[in-house]
Each structure stands twice: as structure tokens, then as C-alpha cells.
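For reference, the structure is listed below as C-alpha cells.
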Amino acid sequence: MTYPIAYPIAWSRLANTTPVLNPFKTGGLYSAEQSLYMRMSREGLARMREHQLSPRDLSIIASINECKLLTASQIQRLHFPLTQHASFVTAYRMTNRVLLRLTQKKILAKVERKVGGLYGGSGTNVYGLGVIGARLVGKRNLFYYSEQISTLFLEHTIAINEIYVSLIEANANNQIKLVNLQTETQCWRPFLYGYGIKEILKPDLYVRMHTIDGQTEYNWFIEVDRDTIHTPSIVKKAQIYQKYYQSGDEQTKKGIFPQVLWLVPDEVRLERLVKAFYRMGNKVSSLHVVELYEDALQIITGQKPP
């Protein structure tokens, strides 16, 4: 999917806080406190990285930088696994303590989420990079997310990252062996088609893995569909996959072209997409697999044949 440009952080509503113009984005408002953080020198950032942040802190920042947004629950599963704590309560408390500290330092930014999202987890808090976190990972244009994120984008991103986290957990538990796991924009594939026409294939996720015994390998381009896009737009994206397949770029680099897995919320949407791909011809329909989101992990890891 094409995700929107990050919104400027909303200026502080604290009393006696004077908003100042954001020097990096025309018309954006930041509090004086946030402006001070943005002016932190490279030396100050280096000191923070070396003396104030633990290896786990840096790992959390790296994960959020890669995934854009993660729920508190997803962060807990990635960086505070139950195998390293006496109980879930202990892991939960430790997670919240660390996230609070990183948020107070403007390294992370907390986004409120309505309880009970369509996919994965019911935690109300979602975290992205804050003004300092963006600078720590080298985002010079201060690309980070504020509380002004659309619900559609938020839920779609969380759904993708639920698959990402589940695959990392399965790998850590020796259920699978991950070879390559790429999120946006790492999994995007620029290519030339026809008479040098530039195209970009934009999957939500790319997975290459094999079973523990090494006998079977699985390659997937993954698309998370929340039934918010009209079928003609889905068909148009399927055509881009077909163009990329015909270019031969993926086969040359990887040796095999991945199947395209569309994960949908219900049987009605599943049937609609299957019919749409079938009408496009046998070559297209054989390239695409449509399954329910709830079966994602089983399909991806080969526990349930598509």
C-alpha cells in the first residue's frame, strides 16, 4: 500500500507552553520543548545513544523504525518475551516502564488506538518514532508519526506487523527458519517493463523461509486486504505483479518467483477476489492465493496447504 506522509506532531497543550513554527515542515506547530529536542546536536544524540540507552532500548527503536508502528503488546512479544520473565505480568510491567521512559524522552511517540481493532491485539497504545527517535535512526526529514493518524492506515499497519511479529516468534521457538523477512519499503521492487517503463511493486511484506528440517522452502509476497479497496484497484495491483513476473527480475535474483498471498477478513471478500483473479486468466490465478487473515501463519509456514 502507499502510506501517507507522516503528520507533524501536535503541539503541546500544557499550560504556559508557547508553540513555535516547525523549521522543517512549513506550517507545522511544535511546542518550545519539542523544538529544543529537535535542535539537539549530533554529539548530544551520540551521548544519549551511548550512555542513556540500553541495547534493548536501541533494539526497540530499530524495530519501530522498521515496522513504522507497533502496539505495546507486539513490542512486549518482540523484546520482553515470556521466556525471559517470571510471568506475563512481569513482562507487561517491564514493557510499560520502558515505553514510558522512551516516550518521555521523545524517542517514541504514543498514538491512541480504539480498543478492539479488526486485526491482532486489543492494546490501546501504539508507538511510533518520536522527534528524537527519528533523529537517532538518521531520518533527517524528521519522518515520524503523531496522534493524527488515520484509523485505516493504523489498523492496516498493525495487521501487517502482527504477521511480522508472529513469524519472528515462530523462528525464535524453532518452528520455522526465517531466511528473509522484509517490511515496507524494503520489500518493494522497482523494475522496468515493456519499453523501459518504470514500475514499482509494493507488497506489504516479503517472507522467505523453510521448515526446520530444511526440506521445504516457502516464498511469499503478502498483501493484507481489509476490504477497504475496490476490486478494480486490487485487479490493477495484480496486473503489476504479473508485469513484475514477466520482467524476470525476481527469478534472476532469487531463483524463484514468490506466490502472492492475499489475506482477507471474511469469506465474502475471499470469494470476490478469487473470482476477480480467475477472470484475469490462468497465469494470474495460479500466481495469487487468497486466504482468511486468521489462517495467515498456518498458510505462510506450510501447516495448512493453500
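The values are calculated or read from the model by the stated rules, or taken from the named source; none is laboratory data. For clarity, every value in this text was computed on a predicted model and none was experimentally measured. A quick note on method: Cβ atoms are made from the backbone with ideal geometry, for glycine too, and the neighbour counts reach across all protein chains shown.
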Suppose we filter the range 244-271 for residues that are in a helix (DSSP H, G or I), modelled with pLDDT under 95 and surrounded by fewer than 16 Cβ atoms within 10 Å (Cβ to Cβ); how many remain? 5
Starting from the range 79-91, keep only residues that are closer than 18 Å to Asp57 by Cα, then list their pairs with residues that are part of a loop (DSSP other than H, G, I, E, B) whose Cβ atoms are within a distance under 9 Å, requiring at least 6 positions of separation or different chains. Thr90/Phe80; Ala91/Phe80; Ala91/Pro81; Ala91/His85
Here the residues within the range 192-228 that are assigned to a strand (DSSP E or B) and within 12 Å of Ile160 (Cβ to Cβ) are Leu205, Tyr206, Val207, Ile222, Glu223, Val224
Check the range 222-238 and report whether any residue there is more than 29 Å from Val268 (Cβ to Cβ) and in contact (Cβ under 8 Å) with a residue 12 or more places away in the chain. no
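Quick grid of which residues meet (1) surrounded by fewer than 22 Cβ atoms within 10 Å (Cβ to Cβ); (2) of a type in the set (A, V, I, L, M); (3) modelled with pLDDT under 95:
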{"position": "Tyr127", "(1), (2), (3)": "no, no, yes"}
{"position": "Ala134", "(1), (2), (3)": "no, yes, yes"}
{"position": "Ser146", "(1), (2), (3)": "yes, no, yes"}
{"position": "Asn161", "(1), (2), (3)": "no, no, no"}
{"position": "Gln175", "(1), (2), (3)": "yes, no, yes"}
{"position": "Gln182", "(1), (2), (3)": "yes, no, no"}
{"position": "Thr185", "(1), (2), (3)": "yes, no, yes"}
{"position": "Gly194", "(1), (2), (3)": "yes, no, yes"}
{"position": "Leu201", "(1), (2), (3)": "yes, yes, no"}
Got a number for residues in the range 274-289 being farther than 21 Å from Asn219 by Cα and either touching a helix residue (DSSP H, G or I) at 6+ places or on another chain (Cβ under 6 Å) or crowded, with 17+ Cβ neighbours inside 10 Å (or both)? 2
Flagged in the range 255-285 as farther than 18 Å from His230 by Cα and over 22 Å from the mean Cα position of the chain (by Cα), in numbering order, are Gly255, Ile256, Phe257, Gly281, Asn282, Lys283, Val284, Ser285
Mind telling me which of the residues Lys254, Lys275 ends up being farther than 16 Å from Lys202 by Cα and touching a residue at least 24 places away in the same chain (Cβ under 8 Å)? Lys254
Take the residues in the range 48-103 that are within 21 Å of Glu155 (Cβ to Cβ) and among the charged types (D, E, K, R), then tell me which one is surrounded by the fewest Cβ atoms within 10 Å (Cβ to Cβ). Glu66
